[in-house]
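A short worksheet on the structure shown next.
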Amino acid sequence: METKPPLPPFTADTAALKVRMAEDAWNSRDPDRVVQVYTEHSQWRNRAEFPAGREQIREFLQRKWAKELDYRLIKELWTFTDNRIAVRFAYEWHDDAGNWFRSYGNENWEFNEFGLMQRRFASINDLPIKESERSFHWPLGRRPDEHPGLSELGL
């Protein structure tokens, strides 16, 4: 069985690391990379969609990043237990008409003993913003370590 360390039970440090690793993967906007951290039969709720399994998750992510252009994400650990992590996040993106948005949300994650996510529940709200109101300006890809997180940005 494949493993994706850090493995549960989580500590504050390993939960924070797991969150940062997820942020980095999602900022790659590479569905093939992202799906590798989910179990083969992972169950999701993302807004009104309920993808199940890696293939449906991959298809979901392909649609997402075809619509949400110049996507930049920050995740922050909210709390954790043995094999569960709660995260809050915000990401900025624009549509093909050039309209900018900041999407806010929270996620609840549950992992199996091998560190693969078996359940993900996400609630997300989109706020239209002006391009001048953007806060996430790093080059596409991984958020630089020195870039402030959500709390530091007051988000």
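The values are calculated or read from the model by the stated rules, or taken from the named source; none is laboratory data. Model, not experiment: these values are computed from the prediction. Cβ coordinates were reconstructed from backbone atoms using ideal geometry, including for glycine residues, and neighbour counts include every protein chain displayed. What goes into the accessible areas is simple: the full protein's heavy atoms, side chains included, and nothing from ligands, DNA or RNA. Shrake-Rupley method; radii C 1.70, N 1.55, O 1.52, S 1.80 Å.
Residue-by-condition table, conditions (1) under 27 Å from ALA12 (Cβ atoms); (2) out of contact with any Leu (no Cβ under 9 Å at 6 or more places or on another chain):
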| position | (1), (2) |
| --- | --- |
| ILE74 | yes, no |
| THR79 | yes, yes |
| ASP82 | yes, yes |
| ASP96 | no, no |
| PHE101 | no, no |
| PHE111 | yes, no |
| ASP126 | no, yes |
| SER135 | yes, no |
| SER151 | yes, yes |
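The residue pairs whose first member lies in the stretch 65-79 and is in a helix (DSSP H, G or I), whose second member is open to solvent by 50 Å² or more (accessible area, probe 1.4 Å) and of a type outside the set (Phe, Trp, Tyr), and whose beta carbons are closer than 6 Å, counting only pairs six or more residues apart or on different chains, are TRP65/ARG29.
Here is a yes/no grid of residues against (1) in contact with a Lys or Arg (Cβ under 7 Å, 6 or more places away or on another chain); (2) within 26 Å of GLY149 (Cβ to Cβ):
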site: PRO6; (1), (2): yes, yes
site: ALA15; (1), (2): no, yes
site: ARG20; (1), (2): no, yes
site: ASN27; (1), (2): yes, yes
site: ARG33; (1), (2): no, yes
site: GLN43; (1), (2): yes, no
site: ARG47; (1), (2): no, yes
site: ALA52; (1), (2): no, no
site: ARG58; (1), (2): no, no
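Total residues in the stretch 115-154 satisfying the condition of being assigned to a loop (DSSP other than H, G, I, E, B) and under 22 Å from SER28 (Cβ atoms): the figure is 18.
Do we have TYR104 as touching a strand residue (DSSP E or B) at 6+ places or on another chain (Cβ under 9 Å) and open to solvent by 50 Å² or more (accessible area, probe 1.4 Å) here?
Numbers: touching a strand residue (DSSP E or B) at 6+ places or on another chain (Cβ under 9 Å): yes; open to solvent by 50 Å² or more (accessible area, probe 1.4 Å): yes.
Yes: the conditions hold for TYR104.
For the stretch 26-65, the set of residues classified as open to solvent by less than 50 Å² (accessible area, probe 1.4 Å) and either on the phi > 0 side of the Ramachandran plot or among the β-branched types (Val, Ile, Thr) (or both) consists of VAL34, VAL35, THR39, GLY53, ILE57, listed by residue number. Entry remark, the stretch 115-148: residues being small (Gly, Ala, Ser) and surrounded by fewer than 15 Cβ atoms within 10 Å (Cβ to Cβ) number 3 in total. Please go through the stretch 1-52 and pick out each residue that is farther than 14 Å from ARG119 by Cα, touching a residue at least 60 places away in the same chain (Cβ under 8 Å) and of a type in the set (Lys, Arg). Those that are farther than 14 Å from ARG119 by Cα, touching a residue at least 60 places away in the same chain (Cβ under 8 Å) and of a type in the set (Lys, Arg): LYS4, LYS18, ARG29, ARG47.
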